[in-house]
Amino acid sequence: MRNHLIILFLILTSCNSDKIDKTKLNDFSDIEIRFRTGDERIEFYSMDIIKSGEKIKAIKKSPFYYYGSGTDSTWVTEIGKSDLKLITEFIDKAKSIKDTCSLNSSSIDYYDIKTSGKEIKIVGNCQWNGIDYDSLESKIFKHKFVELRKKRKIVADSLAKSFNGTWDVSGWENGVLKNRNLVLTRTTKSKPKINGFYRWTFETENESDFKKELDIDEGSTLIEIKGSMYKVLNIQTDKIELKYLW
């Protein structure tokens, strides 16, 4: 019984150790962070940190992070004392940087931060010393990124298992692409090949290599096969439909 009480005490102590002090909670002002970066391709990021009753919550609005065609969309998490300290350091750093930094890259960062009735705009490749937007997001939503990696692994494992086996490929005939859509029909190595058709085989022992050719984080499922890139349109037990991209 005594050991159970000790364990319960340790659990309660651990839970309360990251609880935000009442004073800091009362002093907190909502924060809006808008961040974009890139050159040819611009990435947009959006996070709000708001007081909600007796709690502070972080809401990641964009971008959407995908696993195949699936996405969790908006992420919401409760902020603890250690997270609040990191957020405060980020805001203090933003205030100290101000305005425009040097433009030493074709990929330029843009920050638009609003808090306490004030707006902070920053343009350029600033020295954030490890406390920039990426760092803030990855630490606050650490558990969400762990879940995301697990979901992407499930998608990759499922795809690898679905492709395992031997397939007759219609769409490529005599080395010529008839149209952009391909249909893979499950067959066996012992069956005679169809004249002019490709036959693709995906071995179970090569699943790890297969997964390296997958792109499942852009809102769709892309796969490189024999030097060409395809989009997965549909998967059934004995048939897979692909669209040739390049």
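The values are calculated or read from the model by the stated rules, or taken from the named source; none is laboratory data. It should be emphasised that the depicted structure is a prediction, and the values quoted were computed from it without experimental measurement. Don't worry about glycine lacking a Cβ; one is built from the backbone with ideal geometry, like all the others, and counts go over all protein chains shown. The area values use the complete protein model at the heavy-atom level, side chains included, leaving out ligands, DNA and RNA. Shrake-Rupley method; radii C 1.70, N 1.55, O 1.52, S 1.80 Å.
Odds and ends about this structure:
- Seen from a random direction on average, the alpha-carbon convex hull of the stretch 166-246 projects onto 5.7 square nanometres.
- Cα-based reach from residue 85 at 19 Å (exclusive), listing aspartates and glutamates while leaving out same-chain residues under 8 positions away: 18, 21, 27, 30, 32, 48, 54, 132, 134, 137
- Where a label projected 7 Å from the Cα of residue 120 along Cα→Cβ would reach, residues of the stretch 137-156 with amide N under 16 Å: 137
- Per residue, the stretch 56-113 exposes an accessible area of 50 Å² to a 1.4 Å probe, with every protein chain left in place.
- Exceedance of the 30 Å cut-off in Cα-Cα distance is limited, within the set 189/231; 118/151; 51/211, to 118/151; 51/211.
- The residues packed around residue 77, meaning those with a beta-carbon under 10 Å from its beta-carbon, carry a net charge of +2 if Lys and Arg are +1 and Asp and Glu are -1.
- Counting only protein chain heavy atoms and rolling a 1.4 Å probe, the accessible areas of 197, 202, 90 rank, largest first, as 197, 202, 90.
- Stokes-Einstein D (µm²/s) once Rh is taken as the Kirkwood radius of the chain over alpha-carbon pairs, at 20 °C in 1.002 mPa s: 97 µm²/s
- On a per residue basis, the stretch 170-246 carries 64 Å² of accessible surface, using protein heavy atoms and a 1.4 Å probe.
- The modelled label-to-label distance for the pair residue 243/residue 205, using points 7 Å beyond Cα in the direction of Cβ, is 3.7 nm.
- Charge context of residue 125, other residues only, Cβ under 12 angstrom, K/R +1, D/E -1: -3
- For the stretch 117-160: rounded, prolate or oblate by the Cα gyration tensor [a/c cutoff 1.5]: prolate
- Just the protein heavy atoms count here, and of the accessible area of the chain at 1.4 Å, carbon and sulfur take up 51 percent.
- Cα pair distances of the stretch 103-190 binned at 10 Å [whole percent]: 12, 21, 19, 16, 19, 11, 2, 0
- Label point 7 Å beyond Cα of residue 162 along Cβ direction - residues of the stretch 189-224 with amide nitrogen under 11 Å: 221-222
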